[in-house]
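The values are calculated or read from the model by the stated rules, or taken from the named source; none is laboratory data. Not measured: the values here are computed from a predicted model. Neighbour counts run over all protein chains shown; Cβ positions are idealised from the backbone, glycine included. In case anyone asks, the SASA skips ligands and DNA or RNA and just uses the protein heavy atoms, side chains included. Shrake-Rupley method; radii C 1.70, N 1.55, O 1.52, S 1.80 Å.
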Amino acid sequence: MGIRNIILEGDPVLYKKCRVVEKFDDRLSNLIDDMIETMNKAGGVGLAAPQVGMLKRVVVINVGDGNIELVNPIITDSSGEQREEEGCLSCPGQYATTIRPMFVTVEAFDRFGKKVKYTGKALKARAFCHEIDHLDGILFKSRTV
Ligand code: NI
């Protein structure tokens, strides 16, 4: 448990579709704790499970107002548009402008299997989109302007 290695661009694990989580057990809880610790240590605003080598639909986000954990997240609503510079912990030192919605609503489960729903604007909306893309093997570079 603790900090996990962040997998870098080029590793095949980053380009695969992740599996739906079916067991809300201690292993999932440990994974989420480790992902939060790894994200915060690295100074990132989000981290997806494939970035630590786990092909599971799990994402953590912290844009400065607390940790959010999303298991099996689905974007259920989005609106507006933003064009901002984006980066990724798996692509150190690389930044590019992407097009993302300005508002995003996400429905998911927490580590205990309880349904959760979040709405994000600006950076948080971008983080939701960026991290959920990771679960489908998509890196931000394919969303560039
Ligand atoms: Ni990323």
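Residues are listed down the side, and each one gets a yes or a no for (1) outside any strand (DSSP E or B); (2) surrounded by fewer than 19 Cβ atoms within 10 Å (Cβ to Cβ); (3) more than 11 Å from the ligand (Cβ to nearest atom); (4) at pLDDT 95 or above:
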{"position": "71", "(1), (2), (3), (4)": "no, no, yes, yes"}
{"position": "75", "(1), (2), (3), (4)": "no, yes, yes, yes"}
{"position": "83", "(1), (2), (3), (4)": "no, yes, yes, yes"}
{"position": "88", "(1), (2), (3), (4)": "yes, no, no, yes"}
{"position": "117", "(1), (2), (3), (4)": "no, yes, yes, yes"}
{"position": "125", "(1), (2), (3), (4)": "yes, no, yes, yes"}
{"position": "128", "(1), (2), (3), (4)": "yes, no, yes, yes"}
{"position": "134", "(1), (2), (3), (4)": "yes, no, no, yes"}
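Just one of (1) surrounded by 18 or more Cβ atoms within 10 Å (Cβ to Cβ); (2) under 17 Å from residue 135 (Cα atoms) fails for residue 34. It is (2). Scanning segment 136-145 for residues that are open to solvent by less than 20 Å² (accessible area, probe 1.4 Å), in contact (Cβ under 8 Å) with a residue 60 or more places away in the chain and either on the phi > 0 side of the Ramachandran plot or of a type outside the set (A, V, I, L, M) (or both) yields a single hit, 137.
Would a scan of segment 108-115 turn up a residue that is away from the ligand (no atom under 15 Å from the Cβ), within 20 Å of residue 38 (Cβ to Cβ) and without any contact (Cβ under 8 Å) to a residue 60 or more places away in the chain? Yes, some residue in segment 108-115 is away from the ligand (no atom under 15 Å from the Cβ), within 20 Å of residue 38 (Cβ to Cβ) and without any contact (Cβ under 8 Å) to a residue 60 or more places away in the chain.
Taking segment 90-105 on its own, how many of its residues are open to solvent by less than 40 Å² (accessible area, probe 1.4 Å), within 16 Å of the ligand (Cβ to nearest atom) and either part of a strand (DSSP E or B) or on the phi > 0 side of the Ramachandran plot (or both)?
The number of residues fulfilling the criteria is 4.
Results for (1) open to solvent by less than 70 Å² (accessible area, probe 1.4 Å); (2) of a type in the set (Lys, Arg); (3) free of Cβ contacts under 8 Å to residues at least 12 places away in the same chain, shown as yes or no for each residue.
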site: 5; (1), (2), (3): no, no, no
site: 8; (1), (2), (3): no, no, no
site: 12; (1), (2), (3): no, no, yes
site: 38; (1), (2), (3): yes, no, no
site: 43; (1), (2), (3): yes, no, yes
site: 48; (1), (2), (3): yes, no, no
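Please go through segment 14-44 and pick out each residue that is among the β-branched types (Val, Ile, Thr) and out of contact with any Leu (no Cβ under 7 Å at 6 or more places or on another chain). Before you say what the answer is, go through the steps one by one.
Of the residues in segment 14-44, the ones among the β-branched types (Val, Ile, Thr) are 20-21, 32, 36, 38.
Result: 20, 32, 36.
Out of all the residues in segment 54-65, is one or more crowded, with 16+ Cβ neighbours inside 10 Å, within 14 Å of the ligand (Cβ to nearest atom) and part of a helix (DSSP H, G or I)?
The first filter runs over segment 54-65 and keeps only residues crowded, with 16+ Cβ neighbours inside 10 Å, leaving 54, 56-63.
Next cut, within 14 Å of the ligand (Cβ to nearest atom) only: 58-63.
From what's left, part of a helix (DSSP H, G or I): none.
Within segment 54-65, not a single residue is crowded, with 16+ Cβ neighbours inside 10 Å, within 14 Å of the ligand (Cβ to nearest atom) and part of a helix (DSSP H, G or I).
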